[in-house]
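The values are calculated or read from the model by the stated rules, or taken from the named source; none is laboratory data. Computed from a predicted structure; not experimentally measured. Cβ placement follows ideal geometry from the backbone for every residue including glycine, while neighbour counts extend to all protein chains displayed.
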Amino acid sequence: MTKSLYDYSGDFDSSFDHGRLSKEGLVELLHTYSDYIRRLDGHWYLSLMNRCGNDTAFACDSEVWERLVLHELKIARDLLNIKGDDAVAVAKVFQASPWFWMYKCDIDLKSRDHLVITYNSCPTLFALEKEGAGREQKICVDLEMKIFMKMAHFYNPEMKVTALKLPPRSGPDDICCRWEFKVDRKK
Amino acid sequence: MTKPLYDYSGDFDPSFDYGKISREGLVGLLAANANYIRKLDGHWYLSAMNRCGDDVAYDCDIDVWKRLMKFELKIASEMMNIRGDGVSSIAKYFQVSPWFWTFDYRLELAGSDRLVVTFVKCPTLLALEKEGLGREGRICRELEQDLFETIAHHFNPRIAVVPVQVPPRKEVADFCCKWEFRIEGSK
């Protein structure tokens with residue numbers, strides 16, 4: 001049974017808006033919208049893959065996310081005032097992303113210009129591992145690199161992205177992936 | 001220039017989460033994520049259509065929304081406690097759906113068994129009209145009919161969905177489409 005956030009069981013209220021929800025209810029609803037985004041994306045991928053094959057679905061996925069990640073970055077910049085040219089801005093974007101709360105991540109900001117992010121739990125990777133078709137090679141390696149590069153270069157075109165650890169995992173206790181974002185200002 | 005909902009321009013805060021944002025800010029972020037959902041769906045459709053044709057994209061769209069509607073209705077029923085077999089449940093569902101952030105719409109409840117919903121402004125129709133391929137014939141008539149029936153029958157299998165006026169628009173109308181939800185057997 002899902003937790004009830006608001007009791008709209010009474011009469012229809014023509015002036016209803018989401019401002020009626022408690023702060024906790026709004027946070028919970030935001031998390032639900034994040035799950036909605038993940039499901040929508042996943043259903044599109046699978047539906048197209050079943051009709052046209054994985055190569056076509058992957059090509060569409062890449063195209064879609066190259067555009068959508070820019071939209072997400074603009075939300076972070078304009079609505080949350082996340083600006084700058086350093087790894088701090090990227091760390092903040094991870095925290096603010098609708099995707100972030102679904103993962104168990106460690107954000108290790110080693111310095112203003114050096115960020116290491118570790119995904120300890122990732123529902124997408126778990127689903128891909130369960131499916132067993134090896135699709136994590138493309139999604140977690142090729143696509144993730146493209147998306148992270150977009151994020152990094154939105155803030156600083158000189159920022160480097162390095163995959164420190166990628167799937168496949170050695171076992172269920174292994175981390176999902178680990179990435180490094182770094183700006184070298186000594187050049 | 002968009003007004004920020006939260007000022008995260010300062011130092012990195014390892015404990016940042018949505019709970020730090022004001023209620024008004026959270027409502028704004030919900031609206032932004034609703035727009036994200038619409039954009040994600042639209043980009044997937046267009047990308048699939050450009051590679052595999054409109055028929056394949058349309059079939060995927062049906063597939064995706066058959067599944068997603070169940071999730072969205074579950075959110076409405078369980079998280080917002082919207083239940084009951086009257087048409088007012090549908091009106092309430094429209095108010096809480098993430099899609100309805102993106103429309104300008106009017107809800108007219110006539111007693112307990114008749115609801116008329118008018119979509120005054122619909123970004124999807126405006127985009128389809130601008131594209132000029134006539135895709136609104138299928139999306140706004142067939143797909144919407146199916147989706148609205150799924151919504152209606154979730155609350156009451158006896159609710160009929162009647163398109164009062166749907167695209168294509170022959171001339172510039174002051175609204176995009178109008179639908180009626182009526183409990184069968186009522187006058």
*Starting from segment B:42-54, take each residue that is under 17 Å from residue A:37 (Cβ atoms) and without any contact (Cβ under 8 Å) to a residue 24 or more places away in the chain and list its partners that are assigned to a helix (DSSP H, G or I) and hydrophobic (A, V, I, L, M, F, W, C), counting only C-beta distances under 7 angstrom and pairs at least six apart or across chains.*
B:43/A:64; B:43/A:68; B:44/A:44; B:44/A:60; B:44/A:64; B:45/B:57; B:47/A:60; B:47/A:64
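Go over the candidates B:115, B:107, B:133, B:147 one by one and state the one that is under 12 Å from the mean Cα position of the chain (by Cα) and either within 28 Å of residue A:34 (Cβ to Cβ) or not charged (D, E, K, R) (or both). Walk me through how you get there before you give the answer.
Working: B:115 fails: under 12 Å from the mean Cα position of the chain (by Cα); B:107 fails: under 12 Å from the mean Cα position of the chain (by Cα); B:133 fails: under 12 Å from the mean Cα position of the chain (by Cα).
Just one listed residue meets the conditions, B:147.
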*Do any helices (runs of 4 or more DSSP H) lying entirely in segment A:37-139 carry at least 3 residues that are more than 9 Å from chain B (Cβ to nearest Cβ) and in contact with a Cys (Cβ under 9 Å, 6 or more places away or on another chain), and which ones are they?*
A:123-131
*Can you tell me how many residues in segment B:15-49 are facing chain A (nearest Cβ under 7 Å) and not in a helix (DSSP H, G or I)?*
1
*asked:* Please verify whether residue A:56 is buried (at least 17 other Cβ atoms within 10 Å of the Cβ), of a type outside the set (A, V, I, L, M) and more than 22 Å from residue B:36 (Cβ to Cβ), treating the condition exactly as stated.
replied: yes
*Of all residues in segment B:40-64, which are surrounded by 20 or more Cβ atoms within 10 Å (Cβ to Cβ) and either at pLDDT below 95 or among the β-branched types (Val, Ile, Thr) (or both)?*
B:64
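Is there a residue in segment A:7-29 that is in contact (Cβ under 8 Å) with a residue 24 or more places away in the chain and aromatic (Phe, Trp, Tyr)? If you could, list the steps in order and put the result at the bottom.
So the first thing to find is which residues in segment A:7-29 are in contact (Cβ under 8 Å) with a residue 24 or more places away in the chain, and the list is A:28-29.
From what is left, the residues that are aromatic (Phe, Trp, Tyr) are none.
The answer is no, given that none of the residues of segment A:7-29 is in contact (Cβ under 8 Å) with a residue 24 or more places away in the chain and aromatic (Phe, Trp, Tyr).
From the list B:78, B:108, which one is surrounded by fewer than 16 Cβ atoms within 10 Å (Cβ to Cβ), within 20 Å of residue A:15 (Cα to Cα) and either out of contact with any strand residue (DSSP E or B) (no Cβ under 6 Å at 6 or more places or on another chain) or without any contact (Cβ under 8 Å) to a residue 24 or more places away in the chain (or both)? Explain how you work it out, then say what you get.
Working: B:78 fails: within 20 Å of residue A:15 (Cα to Cα).
None of the other options fit; the residue is B:108.
Would you mind stating whether residue A:172 is surrounded by fewer than 20 Cβ atoms within 10 Å (Cβ to Cβ) and free of Cβ contacts under 8 Å to residues at least 12 places away in the same chain? Reasoning before the result, please.
Working: surrounded by fewer than 20 Cβ atoms within 10 Å (Cβ to Cβ): yes; free of Cβ contacts under 8 Å to residues at least 12 places away in the same chain: yes.
Taking the combined requirement at face value, the residue satisfies it.
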*Of all residues in segment B:50-97, how many are more than 8 Å from every other protein chain (Cβ to nearest Cβ) and of a type in the set (Lys, Arg)?*
2
*What are the residues in segment A:70-98 that are out of contact with any strand residue (DSSP E or B) (no Cβ under 9 Å at 6 or more places or on another chain), closer than 30 Å to residue A:46 by Cα and buried (at least 17 other Cβ atoms within 10 Å of the Cβ), if any?*
A:72, A:73, A:75, A:76, A:93, A:96, A:97, A:98
*Give the number of residues within segment A:155-169 that are in a strand (DSSP E or B) and either in contact (Cβ under 8 Å) with a residue 40 or more places away in the chain or closer than 19 Å to residue A:139 by Cα (or both).*
5
*For residue B:115, are the conditions met, namely being closer than 20 Å to residue B:31 by Cα, modelled with pLDDT of 95 or more and within 14 Å of chain A (Cβ to nearest Cβ)?*
no
*Of all residues in segment A:1-36, count the ones that are surrounded by fewer than 15 Cβ atoms within 10 Å (Cβ to Cβ), within 7 Å of chain B (Cβ to nearest Cβ) and not in a loop (DSSP other than H, G, I, E, B).*
2
*Considering only segment A:140-157, state which residues are under 15 Å from the mean Cα position of the chain (by Cα), more than 18 Å from residue A:98 (Cβ to Cβ) and buried (at least 20 other Cβ atoms within 10 Å of the Cβ).*
A:140, A:152
*Looking at segment B:129-187, which of the residues that are free of Cβ contacts under 8 Å to residues at least 40 places away in the same chain and crowded, with 17+ Cβ neighbours inside 10 Å is farthest from residue B:55 (Cα to Cα)?*
B:161
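Taking segment B:126-164 as the region of interest, how many residues are acidic (Asp, Glu) and under 17 Å from residue B:99 (Cα atoms)? Outline the logic, then answer.
Quick first cut of segment B:126-164, residues acidic (Asp, Glu) only: B:129, B:131, B:136, B:142, B:144, B:146, B:149.
Cutting the leftovers down to under 17 Å from residue B:99 (Cα atoms) gives us B:144, B:146, B:149.
Qualifying residue count for the region: 3.
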*asked:* Among the listed residues B:114, B:106, identify the single one that is out of contact with any helix residue (DSSP H, G or I) (no Cβ under 9 Å at 6 or more places or on another chain), farther than 22 Å from residue B:68 by Cβ and not hydroxyl-bearing (Ser, Thr, Tyr).
replied: B:106
